[in-house]
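Some notes on the structure that comes next.
The values are calculated or read from the model by the stated rules, or taken from the named source; none is laboratory data. Here the structure is a predicted model, which means the values were calculated and not measured. FYI the Cβ positions are ideal-geometry reconstructions off the backbone, even for glycines, and counts take in every protein chain you see. Calculation scope for accessible area: heavy atoms of the full protein, side chains included, ligands and nucleic acids excluded. Shrake-Rupley method; radii C 1.70, N 1.55, O 1.52, S 1.80 Å.
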Amino acid sequence: MPVRKNPVRGKVGQPFVPMELNADGAVFSGLKVGRRSIDIVLVGFQGIVRSKISRMHDHSNSDEVVHFAHDSIHNPIERIQDG
């Protein structure tokens, strides 16, 4: 949901009401599986990284990636909600 800013009054017509994206309106996560690391990030609606968790490894397998993603996604969301 957009955030209404203060109206800007001009000389003619109705005042202009600027709008901007609500930083807390939505978040999405991204998972990067690299050769030596796994990273999960939580990004806000304005494109700002809100949280990042990384794990280094020698060799990853699909079970390790799924386990890391499952365990990690709840942690950054809880940190954002707690403020």
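The criterion of at least 3 residues that are open to solvent by 50 Å² or more (accessible area, probe 1.4 Å) and modelled with pLDDT of 85 or more is met, among strands (runs of 3 or more DSSP E) falling completely within region 20-64, by 27-33, 49-56. Look at region 40-54: where a residue is farther than 10 Å from residue 29 by Cβ and among the polar types (S, T, N, Q) and a partner is open to solvent by less than 40 Å² (accessible area, probe 1.4 Å) and assigned to a strand (DSSP E or B), sitting 6+ places away or on another chain with Cβ atoms under 9 Å, you get 54/37; 54/38; 54/39; 54/40.
Among the criteria (1) modelled with pLDDT of 80 or more; (2) assigned to a helix (DSSP H, G or I); (3) touching a Lys or Arg at 6+ places or on another chain (Cβ under 8 Å), the one residue 80 does not fulfil is (1).
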